[in-house]
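Where a number appears in this text, it was derived from the coordinates with a stated rule and is not lab data. The structure displayed is predicted, hence computed values, not measured ones. When we count neighbours, we look across all protein chains shown, and the Cβ atoms used for this are built from the backbone with ideal geometry, even at glycine.
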């Protein structure tokens, strides 16, 4: 099969453009003729405008033919204008990028930010939130807002520790799904050796008596040192 030359490609493009231009002109002429119909009239009077417009188009075409026949030199201007209009009638084709992006280009594109799951609070966090915002009852939506998470995450923590979720009435908010503070386990007692603020570091006390005697008292035993 012979390779298509550049001249043949241009001729094919021009032919395609002329077809598109003729279709466009014919569609516009037909629409202009149809627009002459009057819906407020009946019979021939309704289409009289269409007939007149069609006659005007025919007269214009006949006049152009007579003009070219009498002065053929007009074609030196008409043909280039027609070819230019035919080329303009062809829709623009977007240029496709033939080069595929390299691996480095793909790696350089920023990856979309992964959606972070809402934080999962601890049971102690939920208990403190209940005591802070809704003692003795608190709605799950209020707890989620106070903890900066979602109600599903609050439900997850409660289900993990077998804390029942039920309709409760929260003060000032009416009734909704929530939790009661009584259902939470009691907080663990502080371990031995933990000393409250302002108290001595251990349970050992020293008693001073007359004569310089010092008595050291511990919870387990008492001993005197002289």
Residue 32-residue 156 pseudo-label distance in nm [points 7 Å out on the Cα-to-Cβ vector]: 7.0
Mean Cα-pair separation over length for the stretch 123-183, i.e. relative contact order, pairs under 8 Å, 6 or more apart, %: 38
Centroid-to-centroid separation of the stretch 115-134 and the stretch 53-80 [C-alpha atoms, Å]: 86
Separation in nanometres of the label points that stand 7 Å from Cα toward Cβ, at residue 66 and residue 22: 2.5
Estimated D of the stretch 123-183 in µm² per second, where Rh is the Kirkwood radius over Cα pairs and Stokes-Einstein applies at 20 °C, 1.002 mPa s: 195
Computed label-point distance, nm, for sites residue 183 and residue 12 using a 7 Å Cα→Cβ extension: 7.6
The stretch 9-89, relative contact order in percent, only Cα pairs under 8 angstrom and at least six apart counted: 44
